[in-house]
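Right, one structure below, let's go through it.
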Amino acid sequence: MRVLSGIQPTGEMHIGNYLGAAKQWVEIQEKHESLFMVADLHALTVSQNPKNLRKAILNKVIELLSVGLTPEKCTIFIQSHVKEHAELAWIFNTITPLADLQRMTQYKEKSKKHKKNINAGLLTYPVLMAADILLYQTDIVPVGKDQQQHVELTRDIARRFNLNFGTAFKIPKTILAKSGAKIMSLQDPKKKMSKSDNPKTYIGLFEEPKMIRKKIMAAVTDRGKQIIYNPQKKPGISNLLTIYSLFSGKTIKSLEKDFQHEKGYAGFKKSLAELLISSLEPLRRKRKELLKREVYVREVLKQGKKKAELIAKSTTQDVKEKMGLI
Ligand code: TYM
């Protein structure tokens, strides 16, 4: 089985990215041949400051290494280092109906949010993502719920190409985290946690203990005083229970029991903040170490590019031949 997934470089990795995606990646690298990439080309679909972007890309690689991905067990690379991504995306543009792209939820949301910069890349974003996935003959794509629709479109593109030009691609499957595929905002538990929102709405993976305490204590909760899981009636507490459960390894049922005698939310929140602080401490330490090892990080990327390129080139060659390019 081959696995591929990616993350955009901009914004700090938060516990939503971790619980929905990166935590699975760390487990998956033990079992399957895995490739993980920093999607820098995708980041260009919203306006970026070049100086900040340059920093953010390397930072994201450091974050991936800090959460436990290791170059001995998986391939870590930067999307733009393998030029076949852009090449295959162009080819896929020519076989993807415009209407399929216009109905994508992320496109609709992002074009509302970035009204002054509705560029063509925002629309064709999922086509590039299809290229990312299909280039590597990927079997499994571990992502959070918000990316599922894009993987569905990827499957359509693969099927269409195979039907029209002969089989060149495997049809990939999404895997979602059993729980944690959609961690919600701390300030509005009806919205997903997002790194492009106000920092009050998320907990960064490498955040200082003081900030973690502050943000958890200020997290929006619901009416009543009971710690019970009910996403419809108590979305705030339910989100915090999900986070607690995933970091502690305890079931939500047993957490409800542990906190059944609490007279309000404060005790539960304090306990959650301390759990997050101690769970994230090793990641924070690892990141500090890696920040001093830029040469090593760049070497990881060089090796990653080499390995990824080998597979990407062979797929692209086959595709071009099948399409009649000489
Ligand atoms: P990105 O950078 O937005 O997010 C990285 C991963 O984190 C997941 N995620 C969440 N999971 C649970 N709760 C949340 N609140 C939450 N927020 C984000 C995302 O679902 C994702 O799995 N387009 C992708 C990057 C990409 C990619 C790919 C992924 C580019 N090419 C090919 C897979 C395969 C993105 O913007 O992810």
Normalised alpha carbon radius of gyration of region 206-288 [divisor 2.2 N^0.38 Å]: 1.10
- prompt: Within the accessible area of the chain, what % is carbon and sulfur when the probe is 1.4 Å and the other protein chains stay in place?
  reply: 54
- prompt: Taking the simple approach of a point 7 Å from Cα along Cα-to-Cβ for both T105 and K173, what is their distance in nm?
  reply: 2.2
- request: Over 29 Å, how big is the tail of the calculated P(r) for the chain, in percent of all Cα pairs?
  value: 41
message: Within region 12-39, list the residues whose amide N lies under 17 Å from a label point set 7 Å along Cα→Cβ of S279.
response: 13-28
- prompt: Among 210-220, 113-123, what's the highest-first ranking by average C-beta atoms within 10 angstrom per residue?
  reply: 210-220, 113-123
- prompt: What nm value, rounded to one decimal, do you get for the distance between R54 and I326 when each label is placed 7 Å out toward the C-beta?
  reply: 4.3
message: For the full complex of protein chains and a 1.4 angstrom probe, list H261, H42 by accessible area with the highest value first.
response: H261, H42
- line: Semi-axes in Å, largest first, for region 286-326 (Cα gyration tensor, √(5λ)) are 36, 7, 6
field: Accessible area per residue in Å² at 1.4 Å probe, computed on region 206-288
entry: 56
- request: Ratio to report: Rg/Rh of region 125-210, with Cα atoms as the point set and Rh obtained by the Kirkwood method; give two decimals.
  value: 1.13
query: Mean residue ellipticity at 222 nm from the helices of the chain, using -39,500 (n - 2.57) per DSSP H segment of n ≥ 4 over the full residue count, to the nearest 500 deg cm²/dmol?
result: -17000 deg cm²/dmol
- line: Under a Gaussian network model of the chain whose springs join Cα atoms within less than 10 Å, the largest fluctuation of L240, L291, L272 belongs to L291
- request: Could you tell me how many degrees, from 0 to 90 and to the nearest 10, lie between the Cα long axis of helix 120-134 and the main elongation axis, the longest principal axis, of the Cα atoms of the chain?
  value: 80
message: So if I take the centroid of the Cα atoms in region 1-66 and the same for region 165-240, what is the distance between those two points in Å?
response: 18
task: Please determine, in degrees from 0 to 90 and to the nearest 10, the orientation of helix 50-67 with respect to the longest principal axis defined by the Cα atoms of the chain, where the helix direction is its Cα long axis.
output: 70
task: Calculate the spin-label point distance for R159 paired with K191, positioning each point 7 Å from the Cα along the beta-carbon direction, and give it in nanometres.
output: 3.5
statement: the chain, Gaussian network, Cα under 10 Å: of P189, P282, P71, the residue fluctuating most is P282
- request: Quick one: grab the alpha carbon gyration tensor of region 173-326, order the square roots of its eigenvalues as a ≥ b ≥ c, and give me rounded if a/c is under 1.5, else prolate or oblate depending on whether a/b is larger than b/c.
  value: prolate
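What FRET efficiency comes out for Q149 versus Q303 if R0 is 30 angstrom and r is the Cβ-Cβ distance? Round to the nearest 0.05.
Calculated transfer efficiency: 0.35.
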- request: Under a cut-off of 20 Å between alpha-carbon atoms, report the lysines in cross-link reach of K322, not counting same-chain residues fewer than 8 places apart.
  value: K83, K170, K313
task: For the chain, calculate the relative contact order in percent as a whole number, restricting contacts to Cα pairs under 8 Å that are 6 or more residues apart.
output: 22
query: Any idea what angle helix 148-165 forms with the longest principal axis of the chain, computed on alpha-carbon atoms, 0 to 90 degrees, nearest 10?
result: 20
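The values are calculated or read from the model by the stated rules, or taken from the named source; none is laboratory data. What you see is a predicted model; the values in this text were computed from it and never measured. Cβ coordinates were reconstructed from backbone atoms using ideal geometry, including for glycine residues, and neighbour counts include every protein chain displayed. In case anyone asks, the SASA skips ligands and DNA or RNA and just uses the protein heavy atoms, side chains included. Shrake-Rupley method; radii C 1.70, N 1.55, O 1.52, S 1.80 Å.
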